Amino acid sequence: MKELSHVKTVQEGRICAMENDQKQQVQDLKDEIRIVRTRAEQVGANTNVSIEDEAVLRIKIENIEERLTIVTNEFSESETTRKAIHNQLLEMKGNIRVFVRIRPFLDHDSKADGSKSLDSAVDWHPDGKTLSISGGNELLTSPGPSGKGLDFTFDKVFTPTATQEIVFDEVSDFVQSALDGYKVCLFSYGQTGSGKTFTMQGKGKEDFRGIIPRAVELVLQRLKVLQNSNWEFTINASFLEIYNEELRDLLTILAPPSKAGGKRRLSMGKKSAPKLAIKKSENGRTYVEGLTEILIDSHNTTKGLKQLDKVITAAARARSVAFNKLNSESSRSHSIFMLDLHGINHDLDEEVQGVLNLCDLAGSERLSRSGYGANDSQRVKETQAINKSLSSLGDVFTSLSNGSPHVPYRNSKLTYLLQDCLNGNGKSLMLMNLCPTVESAHESACSLRFARRVNQVELGKAVKQVNTSSSYCGGSVSGGRSIGGRSVGSRR
């Protein structure tokens, strides 16, 4: 890791020097063009100056503007290079990346007295990575270096104006990684009402679509290109929730008759639904026995997206939600959308097996904030189960960060199910969602501290599941090619 840090320091130093040089060139050219334009105005006002002099000055201005455009483009390219090197170094270290999304104020945001809440507890910095949080609680009164409250730095911070498209563009590399044969997991974390479900599923079919529909659409688009190279992919979608430490299939209504006890179900029928169990396959892959899988058409994008719409609609209707003070439809469970990607290319004698897990975690707030009383035993039990599983997730991250020989994956269904993505063989990203109100500052600060711990976890280099035709039953090979047409790092 010291060698990686040295490489990062050297590369960033070189890029920083190059950027400073380019900034100086841009400034010099701007100064030069300003001087020439001033001279041109003086020449234009002087009737004794020849036409040739005016033409020479115009050519000078055009030449300087052309040089300015070139240097500006080079500056933009160097920034892209810097980001690419940063991402490569992170991938080599295997850090769990953490992005933070600050949601905008909504109509229902209000203060304790019922008045409109427009004071933001969160302030973001121009670097796109740092934010500060402040509030009335004593935990937030000690300012950080910015002088505005507690400071936190992550891999990316999305401001309230960030669109669904912008957010997905930043996480799309993880979708590509699943297509390349990696086990990938994206967590949407935060308190109730912070925008987790909106980020993951979105709303409607256009600009407000979330990560799940955009991810499937991207996969289907990439498969069109791969099919021209004789790749054949099978895509299966599943959707489950973990409610009170119990696995529940959210797609039983879409299951074939044999799956649903001899007939299609018109409702979830949760009590009589088949009991699900987390199992290990012969080659060590984690899967859920008895879970409904919906085959997505990989050749017809339009049909595939319609199938996805049915999956999302069915899951949304079946998921456990309840009204509370923070959200009229508060998720009372963790939901996990799973996309299993299996591809074979007989010409190359290769097989890939990727998994994309998109998790919408239940709210992380205190029981008192949700408004549930001690007499509401069902909601109290739900909240306790949610907090226990989130605590278990934190314990796993702590063990990984400390390099502990034993990692307590089995302490919760959530961590046990997703251990393939957390044990160093996969890739993980946490998308932290923040509510900007002062009233939520305490929960936001706790969430940010948790996210900072997660960001310090180094899983090691991910393993890509690519097999030769002679060993289709399992294993991995080394190389550096991305089957989706974009490199995502070497494999082993």
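The values are calculated or read from the model by the stated rules, or taken from the named source; none is laboratory data. Note that the coordinates shown come from a computational prediction; the quantities given were computed from them, not determined experimentally. With ligands, DNA and RNA removed, areas are computed over all heavy atoms of the protein, side chains included. Shrake-Rupley method; radii C 1.70, N 1.55, O 1.52, S 1.80 Å.
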Expressed as a percent, the accessible surface of the stretch 278-322 that is carbon or sulfur, using a 1.4 Å probe and the full set of protein chains, is 47
Convert each backbone phi in the stretch 170-184 into a coupling constant with the Karplus relation 6.51 cos²θ - 1.76 cosθ + 1.60 (shift: θ = phi - 60°), then list the ³J(HN,Hα) values in order as whole Hz, x for Gly and Pro. 6, 9, 5, 4, 5, 5, 4, 4, 5, 5, 7, x, 9, 8, 10
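Rounded to the nearest whole Å², what accessible area per residue is found for the stretch 382-428 with the 1.4 Å probe? Could you put the intermediate results ahead of the total?
On the way: 1850 Å² over 47 residues.
So the stretch 382-428 comes to 39 Å² accessible per residue, rounded to a whole number.
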